[in-house]
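Read through the structure below, which is laid out as structure tokens, and then see the notes.
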Amino acid sequence: MADLTPDTQVPKAPAPAPRPGALRGFWESDVGWSFRHSPVAIVSLIVVVILVCGAVFAPWIAPHNPFDPSTLNLMNGFSAPMQPNAFTGEVFWLGTDDQGRDVFSTILYGLRISLFVGFAAVMLALVLGITLGLLAGYLGGWTETVIMRL
């Protein structure tokens with residue numbers, strides 16, 4: 001019997017092709033293919049990821065806390081974007097409002113609230129829609145008619 005060295009190993013058979021109807025991953029599906037070939041979808045996903053990361057990491061990214069009134073300086077009011085303030089010399093990325101609040105910090109902290117409200121609205125609609133759909137489908141009859149009319 002001959003010894004098989006790593007150079008003379010028997011080649012492995014190729015992996016079988018997936019049978020029609022078999023479960024495929026997202027990237028192998030039709031939706032994944034369409035997503036990969038749509039530049040608008042890819043750019044949109046990147047923007048959403050950046051916004052969500054900005055909202056999640058707002059306390060570490062934002063240079064000021066807009067909810068802390070002790071940090072407000074009225075002398076910073078109406079500062080132009082990326083220009084040093086005439087009185088304090090501070091530079092604000094997106095400028096300040098009339099109260100001296102940093103607009104960039106306000107946007108980041110406001111994004112957290114907006115994403116929470118949007119997510120909560122979708123979850124409420126999901127729970128309500130699934131519950132009413134299940135009730136309508138299970139009970140049928142006049143209950144289904146009333147629920148579907150609502």
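The values are calculated or read from the model by the stated rules, or taken from the named source; none is laboratory data. Note that this is a predicted model, so its numbers are computed, not measured. Every residue, glycine among them, receives a Cβ derived from its backbone with ideal geometry; neighbour counts consider all protein chains shown. When the accessible area is computed, the model is the full protein with side chains, heavy atoms only, and any ligands, DNA or RNA have been set aside. Shrake-Rupley method; radii C 1.70, N 1.55, O 1.52, S 1.80 Å.
Overview of values
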read-out: Surface share of carbon and sulfur [accessible, 1.4 angstrom probe, percent] for the chain; value: 71 percent
read-out: Segment Lys12-Leu132, extension gain: residue separation times 0.36 nm, minus the distance between their alpha carbons; value: 37.8 nm
read-out: Sequence-separation-based contact order of the chain, relative, with Cα cut under 8 Å and 6+ spacing, percent; value: 14 percent
read-out: Entry for Cα extents along the principal axes in Å (calculated from the structure that is shown) out of (i) 48, 35, 28; (ii) 90, 29, 28; (iii) 88, 71, 28; value: (iii)
read-out: Pair Ser34, Ala86: separation of 7 Å Cα→Cβ label points (nm); value: 5.6 nm
read-out: Fully extended contour minus Cα-Cα distance, from Val52 to Ala121, at 0.36 nm per residue; value: 23.2 nm
read-out: Residue-wise HN-Hα coupling along the stretch 65-73, computed from phi with Karplus coefficients 6.51, -1.76, 1.60 (Hz; x: Gly, Pro); value: 9, x, 8, 9, x, 6, 8, 6, 10
read-out: Helix axis angle, 103-139 relative to the chain longest principal axis, alpha carbon, degrees; value: 40 degrees
read-out: Dipole of the chain [Lys/Arg +1, Asp/Glu -1 at C-beta], most positive-end residue of Val47, Gly133, Asn76; value: Gly133
read-out: Difference of contour (0.36 nm per residue) and Cα-Cα distance, Arg112 to Gln99; value: 2.5 nm
read-out: Residues of the stretch 30-48 with amide N under 15 Å of a point placed 7 Å along Cα→Cβ from Arg24; value: 30-37
read-out: Vicinal HN-Hα couplings computed from phi for the stretch 48-63 (Karplus, 6.51 cos²θ - 1.76 cosθ + 1.60; Hz; Gly/Pro x); value: 5, 4, 4, 5, 5, 5, x, 6, 5, 9, 4, x, 9, 8, 5, x
read-out: From phi via Karplus (6.51, -1.76, 1.60), per-residue ³J(HN,Hα) for the stretch 90-100 in Hz, x at Gly/Pro; value: 6, 10, 10, 4, 10, x, 10, 8, 5, 8, x
read-out: Nitroxide proxy distance, nm - points 7 Å out along Cα→Cβ at Val146 and Ile61; value: 4.8 nm
